[in-house]
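Asker: Handing you a structure now.
The values are calculated or read from the model by the stated rules, or taken from the named source; none is laboratory data. Since the structure is predicted, the reported quantities are computational estimates derived from the model, not experimental observations. Neighbour counts are summed over all protein chains in view; Cβ atoms, including those assigned to glycine, are modelled from backbone coordinates with ideal geometry.
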Amino acid sequence: MGKKWRAAILASGSGSNFEAIVNATRRGEVPIEITKLVYNKEEANVKKRAARLDIHALYISHLNFPTREAFDLKLVSELKKDNVELVILAGWMRLFSASFLDHFPNTLNIHPSLLPHFRGLHAIERAYSAGVLQTGCTVHRVVVDMDSGPLVAQSFVRAEGLSLGSLRAKIQEAEHSLYPKAISFFIRNQEK
Ligand code: GRF
């Protein structure tokens, strides 16, 4: 394995993808060094996972900033302190302005559908209601528009015959397996 990229993880929710990435990294499967977790919702369960996994966690509430740019520039300054090279969004429920992405073009996100289908919120529920036979999850580069950047990797999940709950569980399982692999794949391609 070549050099390790310095990576920050940004999350707002339960943190199951965060934990999967930390565990895969510790097993030596992902060539990153995780600098810190940043979370923007005080009650986010991800902070408990960070404490248990001994990852430094920084809370920054977007509510304390007058504009999207002001919050994004605060994030930029915090990540620059750690010389971050890769930003990993794992359930980060906010869009970025160009002021963030100009500094961190290597920003990845995971979305619970086969993009470009079912962008936005409630993607699993909408795919289920549409009666798709197959759905899944996608890792993509982040651009200013929501769930729209170039695709990095996808994992397919057969939906036929599943309840909504089982479909959710299968997509979550697929995400935990896909995201660490997609990060490694992305890094290898950048190094070529
Ligand atoms: C995942 O379904 C991911 O696709 C979406 O947000 C969810 C985060 O779940 N972007 P968790 O917090 O990692 O458990």
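Asker: Residues that are more than 20 Å from Gly15 (Cβ to Cβ) and in contact (Cβ under 8 Å) with a residue 12 or more places away in the chain, at least 1 per element: which strands (runs of 3 or more DSSP E) completely within the range 78-192 meet that?
Answerer: Strands (runs of 3 or more DSSP E) meeting the threshold: 134-141, 151-158.
Asker: Also, I was wondering about something else. Taking the conditions exactly as written (exposed (fewer than 13 other Cβ atoms within 10 Å of the Cβ) and not charged (D, E, K, R)), does Ser177 satisfy them or not?
Answerer: Details: exposed (fewer than 13 other Cβ atoms within 10 Å of the Cβ): no; not charged (D, E, K, R): yes.
So Ser177 fails the test.
Asker: From the set of residues in the range 63-95 that are in contact with a strand residue (DSSP E or B) (Cβ under 7 Å, 6 or more places away or on another chain) and within 16 Å of the ligand (Cβ to nearest atom), which is farthest from Phe156 (Cα to Cα)?
Answerer: If we take residues in the range 63-95 being in contact with a strand residue (DSSP E or B) (Cβ under 7 Å, 6 or more places away or on another chain) and within 16 Å of the ligand (Cβ to nearest atom), then Val87 is farthest from Phe156 (Cα to Cα).
Asker: Given the criterion surrounded by 14 or more Cβ atoms within 10 Å (Cβ to Cβ) and in contact with a Cys (Cβ under 7 Å, 6 or more places away or on another chain), identify the matching residue among Ile60, Ile34, Ile110, Ile88.
Answerer: Values: Ile60 fails: in contact with a Cys (Cβ under 7 Å, 6 or more places away or on another chain); Ile34 fails: in contact with a Cys (Cβ under 7 Å, 6 or more places away or on another chain); Ile88 fails: in contact with a Cys (Cβ under 7 Å, 6 or more places away or on another chain).
Unique residue meeting the criteria: Ile110.
Asker: Specify the residue that is nearest to Ile88 (Cα to Cα); the eligible residues are those in the range 32-67 that are under 16 Å from the mean Cα position of the chain (by Cα) and part of a loop (DSSP other than H, G, I, E, B).
Answerer: Ranking the qualifying residues of the range 32-67, first place goes to Asn40.
Asker: Regarding the range 13-24, can at least one residue be identified that is buried (at least 16 other Cβ atoms within 10 Å of the Cβ), farther than 22 Å from Glu173 by Cα and away from the ligand (no atom under 13 Å from the Cβ)? Give the derivation first.
Answerer: Initially, the range 13-24 is screened for residues buried (at least 16 other Cβ atoms within 10 Å of the Cβ), giving 13-22, 24.
Then keep just the ones that are farther than 22 Å from Glu173 by Cα; that gives none.
The answer is no, given that none of the residues of the range 13-24 is buried (at least 16 other Cβ atoms within 10 Å of the Cβ), farther than 22 Å from Glu173 by Cα and away from the ligand (no atom under 13 Å from the Cβ).
Asker: Give the range 75-120 a look and list any residue that's over 28 Å from Pro31 (Cβ atoms) and at pLDDT 95 or above, or say none.
Answerer: Passing the criteria: Pro116, His117, Phe118, Arg119, Gly120.
Asker: Quick check, is Asn40 in contact with a Ser or Thr (Cβ under 6 Å, 6 or more places away or on another chain) and over 22 Å from Thr107 (Cβ atoms)? So that I can check it myself, show each step before the final result.
Answerer: Numbers: in contact with a Ser or Thr (Cβ under 6 Å, 6 or more places away or on another chain): yes; over 22 Å from Thr107 (Cβ atoms): no.
The answer is no for Asn40.
Asker: Sticking with this structure for a sec: Mind counting the residues in the range 1-12 that are within 12 Å of the ligand (Cβ to nearest atom) and in a strand (DSSP E or B)? Walk me through it before giving the result.
Answerer: Kept after step one, since they are within 12 Å of the ligand (Cβ to nearest atom), are these residues of the range 1-12: 9-12.
Subset that is in a strand (DSSP E or B): 9-11.
So the answer is 3.
Asker: Here's a follow-up. Quick one: count up the residues across the range 43-98 that are of a type in the set (Asp, Glu) and touching a Ser or Thr at 6+ places or on another chain (Cβ under 6 Å).
Answerer: Of all residues in the range 43-98, those of a type in the set (Asp, Glu) come to 43, 54, 69, 72, 78, 82, 85.
Those still in the list that are touching a Ser or Thr at 6+ places or on another chain (Cβ under 6 Å) too: 69, 72, 82.
Qualifying residue count, the range 43-98: 3.
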